[in-house]
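Participant: First the structure, then my questions, so here it is.
The values are calculated or read from the model by the stated rules, or taken from the named source; none is laboratory data. Fair warning: this is a prediction, and the values are worked out from it, not measured in the lab. When we count neighbours, we look across all protein chains shown, and the Cβ atoms used for this are built from the backbone with ideal geometry, even at glycine. The accessibility values were calculated without ligands, DNA or RNA, using every heavy atom of the protein model including side chains. Shrake-Rupley method; radii C 1.70, N 1.55, O 1.52, S 1.80 Å.
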Amino acid sequence: MSRLGASITSEGIRFAVWSGAAERIWLCLFDRTGERETGRLEMTPEGGGVHALFVPGLPAGTKYGLRADGEYAPGRGLWFDPQKLLVDPYAVAIDRPYVCHPRLAAPRGEGADTAPLVPKSVAAPLPEPTAARPPLFSPGGLVYEIPVRAFTMRHPDVPPAERGTLRALAHPAVVAHLQKLGVSAVELMPVAAWIDERHLPALGLANAWGYNPVTFMAPDPRLAPGGIDDLRHAVAALHAAGVGVVLDVVFNHTGESDGLGPTLSLRGLDARAYYRHDQAARLVNDTGTGNTLACDHPVVREMILDSLRHFVRHAGVDGFRFDLATVLGREGGIFTPEAALLRDMRADPLLAGRVLIAEPWDIGPGGYRLGGFPPPFLEWNDRFRDDVRRFWRGDAGMVGALATRLAGSSDVFGHGRGQKTRTVNFLAAHDGMTLADLAAYGHRHNEANGEENRDGHGDDLSWNNGVEGASADPEIAVRRARDVRALLATLFASRGTIMLTAGDEFGRTQGGNNNAYAQDNEVTWLDWDGRDRELEAFAASLSALRRKVPALAETDFLTGSPPEAPDVAWLTETGAPMDEAAWRDAARRRLTMLLGEGTRQGGRLAVLVNGDRRACRFCLPQRAGWRWMPALEPATDISRALPGRSVTLMTEEGESDD
């Protein structure tokens, strides 16, 4: 049990909160509706910044909030204002979603009491801890990124009351889809309670992704009306189907934003301690969102670890993906892989062995840290994303980079840290173009976001195949379909963990919007009825092959060694080994990756990449007693020319195997 938050006993409830600068803190009790304040009790300083109070006779489910007083000097990082009702940072449930309102950001003395606008913390009873079990996910598997709300808002089989919620993930139709794809673990985009960015309500928009949290342990009521029980229910159903659950968590900033943002929780308790400030007491903005959590502060570190333990203990999750994870490893503003927080995650008895995935960058100084996190952290690999996109876009001189990415990116992850890659290979994620849009739009189209198309990435390394956006030309449709299949095949043939974003397996589109965070509507809601079922079947067949062929799911770097039994051979389309001249040929667009070249018992797998628009016949080395057969349906005859811009997979089978 944590020393902070609301601790329920048979005699009553103990409340505790930390502030190193508050002069006084009050516990505010509310009625069952959360609308009327029924009591205001001053908490007692216990030392070390902890303010606590035991209230006898209070039942589980009590709604409450906090108020803090002290010096009000925003220019020095002090924002105390008793008129601001504050949500307990350790609240495990809140009674309503956060809403934007100008009064939440009013200077002290210029705004009315904010209690009517702020969710109430709920002293909710927690379920018994889940049974200890190792994660279902292992590196090398398929991670499936899910925006919880958008994933099922239009799913015809999910009951309307459950659409867009965590409980929908347990529906048999949803589970069947995940099993069909061979998903090893779902990566749920943020489920912690968040608030809209302050410019969105005036535009009639709302945050659709959840990357603007306020309360780290409380699931957002829009996703989880039943609180942590809803998440626990979804995890149990997915585990029963053999699917792990990874939570995307945001411990780099909060929705309190910059100096013009709302006061909701940490800012009103002790902004100077909870957030990083520069020497002039200005908020550090290593996140691009207005504030940055001080992850090197002992109390913040404790809060983050307690949040992670909470979701493992009471929901049974398999691990976490850390948004803008460089922030978590900054000490004194400088990233170090030996930061106390990163070290504590790996050493904690409850967290040790959990899946840990870093998004290894932020926008602060020296913030790009790909390959810089300590094992066992896996890392989102944007080098894979960008190099593979460049190859299929048609950029010159990319065949060597393509081979490096297919082989596990040893240039990034192979620096004295073992023989296994920690890469998470992906081609599209929630942020950026969808996989289908990569081949249909050469430029972003974010006009609906209300920022005059200035937001989002300026260059997604995308291409449109001759027409920008939707086209009725059947030839363009064929080209785009071929490109998407080539991209998928490249991803599934790569060494390391791979990630697919929900809907990319059946051609989801956002109309070229590459920053759809504010589109909680049909732009991001998956169109299950209109999905491309042939593409979906192709993705499922790729996944099945990856699970069937050990060489595809392994995580050792491909090195071509040892000489007597190399794990991979790189060949030209003629079957000859790639020599230095071939690797340096900027016009080269073709490559064969031959896995298991050193095996004497057959079972090799060939990945034939034809990045040229022209068809080409590929030749593969033959061995007596073995023959090359198509690995996927429909069958491909390599005795004929392979179509341009395609990836073909072939397996070696014994000639007597009929």
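Participant: Would you confirm whether or not segment 17-36 contains a residue that is part of a loop (DSSP other than H, G, I, E, B), among the small types (G, A, S) and under 17 Å from P116 (Cα atoms)? Talk me through it step by step, then tell me what you get.
Facilitator: First, pick out the residues of segment 17-36 that are part of a loop (DSSP other than H, G, I, E, B): 19-23, 31-36.
Then drop every residue that is not among the small types (G, A, S), which leaves 19-22, 34.
Checking which are under 17 Å from P116 (Cα atoms) leaves us with 34.
Yes; the residues of segment 17-36 include at least one that is part of a loop (DSSP other than H, G, I, E, B), among the small types (G, A, S) and under 17 Å from P116 (Cα atoms).
Participant: Still on this model: If you check T263 against the conditions, is it in a loop (DSSP other than H, G, I, E, B), at pLDDT 95 or above and buried (at least 24 other Cβ atoms within 10 Å of the Cβ)?
Facilitator: Working: in a loop (DSSP other than H, G, I, E, B): yes; at pLDDT 95 or above: yes; buried (at least 24 other Cβ atoms within 10 Å of the Cβ): yes.
Answer is yes for this residue.
Participant: Can I ask one more? Please pick out the residue among D306, D296, D270, D286 that is within 25 Å of the chain's Cα centre (by Cα), farther than 17 Å from W194 by Cα, modelled with pLDDT of 95 or more and not in a loop (DSSP other than H, G, I, E, B).
Facilitator: Numbers: D296 fails: not in a loop (DSSP other than H, G, I, E, B); D270 fails: within 25 Å of the chain's Cα centre (by Cα); D286 fails: not in a loop (DSSP other than H, G, I, E, B).
Checking each option against the conditions leaves just D306.
Participant: Still on this model: Go through segment 455-475 and give me each residue that's touching a residue at least 24 places away in the same chain (Cβ under 8 Å), farther than 16 Å from G432 by Cα and acidic (D, E).
Facilitator: E468
Participant: Residues that are within 30 Å of R584 (Cβ to Cβ) and basic (K, R), at least 2 per element: which helices (runs of 4 or more DSSP H) completely within segment 463-572 meet that?
Facilitator: Details: elements: 474-492, 533-548, 550-553.
So the answer is 474-492.
Participant: Condition first: farther than 18 Å from L488 by Cβ, modelled with pLDDT of 95 or more and open to solvent by less than 30 Å² (accessible area, probe 1.4 Å). Now tell me which residues in segment 596-619 satisfy that.
Facilitator: The answer is D612, C616, F618.
Participant: If you don't mind, another one. Quick check on segment 417-440. Is at least one of its residues in contact with a strand residue (DSSP E or B) (Cβ under 9 Å, 6 or more places away or on another chain), part of a helix (DSSP H, G or I) and either under 27 Å from L535 (Cα atoms) or open to solvent by 30 Å² or more (accessible area, probe 1.4 Å) (or both)?
Facilitator: Yes: segment 417-440 contains one or more residues that are in contact with a strand residue (DSSP E or B) (Cβ under 9 Å, 6 or more places away or on another chain), part of a helix (DSSP H, G or I) and either under 27 Å from L535 (Cα atoms) or open to solvent by 30 Å² or more (accessible area, probe 1.4 Å) (or both).
Participant: Residues in segment 97-120: is at least one free of Cβ contacts under 8 Å to residues at least 40 places away in the same chain, surrounded by 15 or more Cβ atoms within 10 Å (Cβ to Cβ), of a type in the set (D, E) and over 23 Å from E379 (Cβ atoms)?
Facilitator: Checked segment 97-120: no residue is free of Cβ contacts under 8 Å to residues at least 40 places away in the same chain, surrounded by 15 or more Cβ atoms within 10 Å (Cβ to Cβ), of a type in the set (D, E) and over 23 Å from E379 (Cβ atoms).
Participant: Within segment 317-338, track down each residue that is touching a helix residue (DSSP H, G or I) at 6+ places or on another chain (Cβ under 7 Å), buried (at least 22 other Cβ atoms within 10 Å of the Cβ) and in a loop (DSSP other than H, G, I, E, B).
Facilitator: The answer is V317, and nothing else.
Participant: What are the residues in segment 148-171 that are open to solvent by 20 Å² or more (accessible area, probe 1.4 Å) and in a loop (DSSP other than H, G, I, E, B), if any?
Facilitator: Selection gives M153, R154, P156, D157, P159, P160, A161, E162, R163, H171.
Participant: Can I ask one more? Out of curiosity, is R313 more than 25 Å from L78 (Cβ to Cβ), touching a residue at least 40 places away in the same chain (Cβ under 8 Å) and open to solvent by 50 Å² or more (accessible area, probe 1.4 Å)?
Facilitator: Values: more than 25 Å from L78 (Cβ to Cβ): yes; touching a residue at least 40 places away in the same chain (Cβ under 8 Å): yes; open to solvent by 50 Å² or more (accessible area, probe 1.4 Å): yes.
For R313, the condition - more than 25 Å from L78 (Cβ to Cβ), touching a residue at least 40 places away in the same chain (Cβ under 8 Å) and open to solvent by 50 Å² or more (accessible area, probe 1.4 Å) - is met.
Participant: Can you name the residue in segment 82-120 that is β-branched (V, I, T) and in a loop (DSSP other than H, G, I, E, B) and is also farthest from S7 (Cα to Cα) among such residues?
Facilitator: Among residues in segment 82-120 that are β-branched (V, I, T) and in a loop (DSSP other than H, G, I, E, B), the one farthest from S7 (Cα to Cα) is V99.
Participant: Another question about this same structure. I need the full set of residues from segment 172-208 which are free of Cβ contacts under 8 Å to residues at least 24 places away in the same chain and either open to solvent by less than 40 Å² (accessible area, probe 1.4 Å) or in contact with a Gly (Cβ under 6 Å, 6 or more places away or on another chain) (or both), in order please. Step through it out loud before you land on a result.
Facilitator: Of segment 172-208, the ones free of Cβ contacts under 8 Å to residues at least 24 places away in the same chain are 172-174, 176-177, 202, 204.
Listed by number, the residues that qualify are A173, V174, H177.
Participant: Looking only at segment 50-79, which residues are in a loop (DSSP other than H, G, I, E, B) and under 34 Å from the mean Cα position of the chain (by Cα)? Reasoning before the result, please.
Facilitator: Restricting attention to segment 50-79, the residues satisfying the condition of being in a loop (DSSP other than H, G, I, E, B) are 57-62, 70-71, 77.
Of everything in segment 50-79, those that are in a loop (DSSP other than H, G, I, E, B) and under 34 Å from the mean Cα position of the chain (by Cα) turn out to be A60, G61, T62, G77.
Participant: Go through T559, T524, T572, T592 for me and flag whichever is modelled with pLDDT under 95, of a type in the set (S, T, N, Q) and either over 21 Å from the mean Cα position of the chain (by Cα) or surrounded by 20 or more Cβ atoms within 10 Å (Cβ to Cβ) (or both).
Facilitator: Details: T524 fails: modelled with pLDDT under 95; T572 fails: modelled with pLDDT under 95; T592 fails: modelled with pLDDT under 95.
None of the other options fit; the residue is T559.
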